[in-house]
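The values are calculated or read from the model by the stated rules, or taken from the named source; none is laboratory data. From a predicted model like this one, the values you see are computed outputs, not experimental measurements. FYI the Cβ positions are ideal-geometry reconstructions off the backbone, even for glycines, and counts take in every protein chain you see.
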Amino acid sequence: MPSARLRHEAIFLLVFALDLVNMFIATVAYPALASELQAEVGVLAWVGTAYMLGLSVVIPLAPWLAARCGERRLLLVALLLFAAAAVLAGAAPSIGWLLGWRLLQGLAGGLLIPVAQAAAYRQCTPDQRGALTRRILLVALLVPALAPALGGLLVQWLSWRGVLWASLPLALAAMGLVLAWMPADGERTAPRLQAYALATALSALGVLLLALTWLGEPGHRIAGAVLLLLALMLATAHLRHARGQAQPLLRWSLLSLRGLRLAMLVYLAVPGVFIGSQLASTLQLHQAGFSAARIGALMLPWALASAVAITGSRRLLTHIGPAAVLRIGMLLQATGLVLMAVLPQPAFALAGLLFALMGAGGSLCSSTAQTLAFTGVDADALGDASALWNLNRQLSFCLGTAAIALVLALALQWLPARATGAALGMAAVLTLLPMLLLRRGQSLILMQPENA
């Protein structure tokens with residue numbers, strides 16, 4: 001039987017793969033789903049956003065629930081809910097029911113990664129954590145590459161419903177491993193639940209995403225603007241309350257670290273925007289006559305280029321510094337998006353090259369951001385920094401998807417013939433925004449607290 005460390009790592013990597021499958025596999029099913037359920041673009045974007053919203057909002061609650069219920073018990077309950085929601089989502093009779101089950105699936109999935117990750121890293125010595133990180137990166141490359149290709153085949157062989165059922169075998173396998181390999185939960189002591197902080201944080205996020213969606217709909221723009229103001233008020237209330245707490249729910253003071261702050265913005269503008277751009281690129285390629293399987297297969301060159309970029313990023317960081325690596329990465333992804341925007345009917349080989357550019361650029365930025373995020377963070381603050389970083393990772397995908405869906409919805413009204421190109425062009429602009437914060441010659445040594 002594998003050691004305790006390898007058993008916990010296997011469980012974590014499996015639930016991590018489960019999350020990535022659900023994040024990447026559904027995109028190729030959007031055209032078929034929209035046709036059968038008669039969903040508009042703004043609503044269609046919520047198929048992904050509802051799942052990622054559930055993932056995001058529950059992350060701050062996961063440590064408290066793990067302490068309250070026990071890690072083994074919580075993982076089993078979350079996996080059971082996840083599997084049930086997958087079955088129900090695939091059987092949804094309407095878009096409303098589908099979005100509801102996707103939200104439930106996200107809420108369950110959001111408990112899996114932080115709990116399983118904490119259990120896995122707890123079993124590792126400092127020397128073993130590097131090997132686990134490399135395995136995580138391998139899963140992070142393989143699943144986004146293979147899931148859309150599998151999803152495209154499932155759409156052709158079955159329907160969009162088969163895509164939503166694809167995660168069920170992984171969920172059942174993870175439940176089996178948790179039952180067989182995780183020890184029973186011992187005595188538990190849970191800290192006090194900060195209900196006000198949790199409620200204001202979750203409300204601000206939900207209202208913000210709804211506001212971005214409604215701003216793109218002609219009949220809801222005034223309501224969207226009101227909700228945007230409400231989201232700002234809720235976020236302000238949360239931050240004001242956090243400043244008065246000795247142990248806040250989320251330690252926002254760590255954003256005084258320029259490395260962490262920049263890394264979070266880069267993740268929002270590059271990987272987050274790329275995920276959001278997939279709605280526009282999928283619709284454009286579908287209009288150009290690409291099958292779902294061929295659209296999904298374009299993630300294979302994306303993954304190959306990502307692997308090359310991640311392998312070379314450490315050497316590039318040493319030789320030219322993080323600012324230069326980030327600039328190169330942003331320019332590569334923006335170039336791929338711009339060319340996709342101006343070439344609405346690319347040949348398959350050219351489309352593969354454009355996805356490779358986006359994969360290389362996005363991975364240069366994400367791997368560099370991962371390094372910057374924890375530069376200058378004290379050992380006793382690593383847990384709090386990790387919570388902020390993982391929350392931002394999920395928020396990046398949510399907000400990136402909502403923002404590009406908003407641009408696409410507006411473009412469909414004003415420039416219907418070039419709507420997808422306009423959305424991809426705006427995605428390129430958003431990708432380049434963090435470049436304004438980079439200074440020539442900036443190095444890791446500068447990424448310190450502003451009061452240092």
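Restricting to the range 79-99, name every residue that is farther than 16 Å from ALA166 by Cβ and under 19 Å from the mean Cα position of the chain (by Cα).
LEU99
On the given criteria, is ALA324 surrounded by fewer than 19 Cβ atoms within 10 Å (Cβ to Cβ), among the small types (Gly, Ala, Ser) and under 25 Å from the mean Cα position of the chain (by Cα)?
Considered against the rule, which asks whether it is surrounded by fewer than 19 Cβ atoms within 10 Å (Cβ to Cβ), among the small types (Gly, Ala, Ser) and under 25 Å from the mean Cα position of the chain (by Cα), ALA324 comes out as yes.
If only one of ALA246, ALA199, ALA242, ALA223 is over 17 Å from ASN392 (Cα atoms), in contact (Cβ under 8 Å) with a residue 24 or more places away in the chain and more than 20 Å from the chain's Cα centre (by Cα), which one is it?
Every option except ALA242 fails the conditions.
Looking at the range 337-362, which of its residues are crowded, with 18+ Cβ neighbours inside 10 Å and over 20 Å from the mean Cα position of the chain (by Cα)?
Across the range 337-362, the qualifying residues are VAL338, LEU339, MET340, ALA341, PRO346, ALA351, GLY352, LEU354.
I need the full set of residues from the range 89-105 which are buried (at least 16 other Cβ atoms within 10 Å of the Cβ) and part of a helix (DSSP H, G or I), in order please.
ALA89, GLY90, ILE95, LEU98, LEU99, GLY100, TRP101, ARG102, LEU103, LEU104, GLN105
Filtering the range 212-265 down to residues that are among the charged types (D, E, K, R) and part of a helix (DSSP H, G or I), which residue is modelled with the lowest pLDDT?
Here the answer is ARG221.
Out of (1) part of a helix (DSSP H, G or I); (2) surrounded by 20 or more Cβ atoms within 10 Å (Cβ to Cβ); (3) touching a residue at least 40 places away in the same chain (Cβ under 8 Å), what's the single condition that is false for PHE290?
Checking PHE290 against (1) part of a helix (DSSP H, G or I); (2) surrounded by 20 or more Cβ atoms within 10 Å (Cβ to Cβ); (3) touching a residue at least 40 places away in the same chain (Cβ under 8 Å), the one that fails is (1).
Please list, ordered by first then second residue, the pairs with beta carbon atoms under 8 Å, 6 or more apart or interchain, first in the range 415-440 and assigned by TED's automatic domain parsing to the domain that holds GLY361, second loosely packed, with under 15 Cβ neighbours inside 10 Å and assigned to a loop (DSSP other than H, G, I, E, B).
Filtered contacts from the range 415-440: ALA422/LEU415.
Using the structure shown, decide if LEU20 is part of a helix (DSSP H, G or I), surrounded by fewer than 23 Cβ atoms within 10 Å (Cβ to Cβ), under 18 Å from the mean Cα position of the chain (by Cα) and not assigned by TED's automatic domain parsing to the domain that holds ALA409.
Yes: the conditions hold for LEU20.
One residue is enough: does the range 255-265 have a residue meeting the conditions touching a residue at least 40 places away in the same chain (Cβ under 8 Å), touching a His at 6+ places or on another chain (Cβ under 9 Å) and surrounded by fewer than 23 Cβ atoms within 10 Å (Cβ to Cβ)?
No, because not a single residue in the range 255-265 is touching a residue at least 40 places away in the same chain (Cβ under 8 Å), touching a His at 6+ places or on another chain (Cβ under 9 Å) and surrounded by fewer than 23 Cβ atoms within 10 Å (Cβ to Cβ).
If SER363 satisfies every condition in (1) under 30 Å from PHE290 (Cα atoms); (2) of a type in the set (S, T, N, Q); (3) at pLDDT below 85 but one, which is the exception?
Result: SER363 passes all but (3).
Given the residues ALA50, ALA34, ALA86, which is the only one that is part of a helix (DSSP H, G or I), within 25 Å of ALA197 (Cα to Cα) and either touching a residue at least 40 places away in the same chain (Cβ under 8 Å) or touching a helix residue (DSSP H, G or I) at 6+ places or on another chain (Cβ under 7 Å) (or both)?
None of the others qualify; the one that does is ALA50.
Given the options GLY383, GLY400, GLY376, name the one that is over 22 Å from TRP46 (Cβ atoms) and either outside any loop (DSSP other than H, G, I, E, B) or modelled with pLDDT of 75 or more (or both).
Every option except GLY383 fails the conditions.
Search the range 285-294 for residues being touching a Leu at 6+ places or on another chain (Cβ under 9 Å) and at pLDDT below 90, and hand back the single one that is farthest from VAL342 (Cα to Cα).
Per the criteria, the residue is ALA293.
Note down all Cβ pairs under 7 Å where the first residue falls in the range 1-14 and is over 9 Å from ALA119 (Cα atoms), the second is crowded, with 20+ Cβ neighbours inside 10 Å, and they're at least six residues apart or on different chains.
ILE11/ALA116; ILE11/ALA174; ILE11/VAL178; ILE11/MET182; LEU14/LEU170; LEU14/ALA174
Please count how many residues of the range 60-81 are within 20 Å of LEU391 (Cβ to Cβ), touching a residue at least 40 places away in the same chain (Cβ under 8 Å) and among the hydrophobic types (A, V, I, L, M, F, W, C).
8
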